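Contents: one structure, followed by commentary.
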Amino acid sequence: MDTGLDGKVAIITGAARGLGQEFAVRLAAEGACVVATDVRDCDETVGQVTNAGGRALGLRQDVTDMDSCQAAADKAIAEFGRIDILVNNAALYGGLKGGRFDSLDPDEWNRTMDVNVTGIWQCCKTVVPAMREVGGGSIINITSLAAVYGLAYALHYTVSKAAVIGITRGLARELGRDWIRVNSIGPSAVMTEGTVEFFGDKLEKGKQIIASQQSLNRNLEAADLAGTVLYLAGDQSKFVTGQTVMVDGGTVYL
């Protein structure tokens, strides 16, 4: 099936590892030129893409810094000439400290909102002009099961991911006239480095509980989300916008 991604240019934030790395590799395999960004080094991701014959650019980007976001967009255009796709994957998750809502650290609360919410807004601001120039594009925001299910003892994360759905819906209404589609994907806990860090020594128990609440009774892997990203990025979804697609093994039904 032709996904319509050949020659398109995709920026994927938080692409040094985990979900972002998987998305970058899979988009490149469909012919997209990928710009992998992260506060970490993206050499491993770029290496995986180029070793498979794809085209990739790795950049350091702090999504909380508007200048850093603009620089990433500018470098993507300088390297590949256009921007068609943005996958807003960068988020605070693995390093967060959970706890009762009234015991959460205010600085961590603010940092979570800066990365998970403001970061998406800033990345969108910097790529939309380039998408308008090419007549449209696709923005894919990564939210979470936490946003619709309600994750206890991690209110900062839950609230931030609920805001991602709000951004998705508001921008879809606003950018439709430019044929820029905005959708989000809501996974349950995916077995990435971030999930291991988040659960710590409670990982195995957490995995069992999560899987037991799903209709499809196993834990998600990064590859399980790639097909949805390809669908939302490509031509097969060219009349789909403002939607949140839950990839959670059947935990919630919207």
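The values are calculated or read from the model by the stated rules, or taken from the named source; none is laboratory data. Since the model is a prediction, treat every value here as computed from it, not as a measurement. No Cβ is skipped: glycine too gets one built from the backbone with ideal geometry, and neighbour counts run over all protein chains shown.
Thr37 is checked against (1) in a helix (DSSP H, G or I); (2) farther than 30 Å from Tyr153 by Cβ; (3) under 15 Å from the mean Cα position of the chain (by Cα) and fails just one. What number does that condition carry?
(1)
For residues that are modelled with pLDDT of 70 or more and under 22 Å from the mean Cα position of the chain (by Cα), tally how many sit in the range 199-210.
Number of matching residues: 2.
Taking the range 236-254 on its own, how many of its residues are within 22 Å of Leu216 (Cβ to Cβ) and in a loop (DSSP other than H, G, I, E, B)?
8
So which residues in the range 47-63 are surrounded by fewer than 17 Cβ atoms within 10 Å (Cβ to Cβ) and on the phi < 0 side of the Ramachandran plot?
Pass one, the range 47-63, residues surrounded by fewer than 17 Cβ atoms within 10 Å (Cβ to Cβ): 47, 50-53, 60.
The answer is Gly47, Thr50, Asn51, Ala52, Arg60.
Give the range 169-191 a look and list any residue that's in contact with a helix residue (DSSP H, G or I) (Cβ under 6 Å, 6 or more places away or on another chain) and more than 26 Å from Tyr253 (Cβ to Cβ), or say none.
Asp178, Ile180
Quick check on the range 176-198: of everything there that is assigned to a helix (DSSP H, G or I) and modelled with pLDDT of 80 or more, which residue is nearest to Met131 (Cα to Cα)? Working first, answer last.
Here is the first cut: in the range 176-198, the ones assigned to a helix (DSSP H, G or I) are 176-178, 193-198.
If we keep only those that are modelled with pLDDT of 80 or more too, we end up with 176-178.
Values: Gly176: 12, Arg177: 12, Asp178: 8 Å.
For the range 176-198, the residue satisfying everything is Asp178.
Run Gly4 past the list (1) at pLDDT 95 or above; (2) over 21 Å from Pro129 (Cβ atoms); (3) in contact with a helix residue (DSSP H, G or I) (Cβ under 8 Å, 6 or more places away or on another chain); (4) in a loop (DSSP other than H, G, I, E, B) and report the number of the one that doesn't hold.
Of the numbered conditions (1) at pLDDT 95 or above; (2) over 21 Å from Pro129 (Cβ atoms); (3) in contact with a helix residue (DSSP H, G or I) (Cβ under 8 Å, 6 or more places away or on another chain); (4) in a loop (DSSP other than H, G, I, E, B), the odd one out for Gly4 is (1).
Checking Val229 against (1) of a type in the set (A, V, I, L, M); (2) under 18 Å from Leu5 (Cβ atoms); (3) surrounded by fewer than 17 Cβ atoms within 10 Å (Cβ to Cβ), which test does it fail?
(3)
Of all the residues that make up the range 127-170, how many are crowded, with 22+ Cβ neighbours inside 10 Å and under 16 Å from the mean Cα position of the chain (by Cα)? Walk me through it before giving the result.
Going through the range 127-170, the residues crowded, with 22+ Cβ neighbours inside 10 Å turn out to be 127, 131, 137-147, 154, 156-157, 160-161, 164, 168.
Next, only the ones that are under 16 Å from the mean Cα position of the chain (by Cα) stay: 127, 137-147, 157, 160-161, 164, 168.
Residues meeting the conditions: 17.
Evaluate the following for Glu44: is it within 24 Å of Asn116 (Cα to Cα) and surrounded by fewer than 24 Cβ atoms within 10 Å (Cβ to Cβ)?
On the way: within 24 Å of Asn116 (Cα to Cα): yes; surrounded by fewer than 24 Cβ atoms within 10 Å (Cβ to Cβ): yes.
Considered against the rule, which asks whether it is within 24 Å of Asn116 (Cα to Cα) and surrounded by fewer than 24 Cβ atoms within 10 Å (Cβ to Cβ), Glu44 comes out as yes.
Considering each residue of the range 13-39, count those that are among the hydroxyl-bearing types (Ser, Thr, Tyr) and surrounded by fewer than 24 Cβ atoms within 10 Å (Cβ to Cβ), and give that number. Spell out how you get there, then give the answer.
Kept after step one, since they are among the hydroxyl-bearing types (Ser, Thr, Tyr), are these residues of the range 13-39: 13, 37.
With surrounded by fewer than 24 Cβ atoms within 10 Å (Cβ to Cβ) added as a condition, the list becomes none.
Result for the range 13-39: 0.
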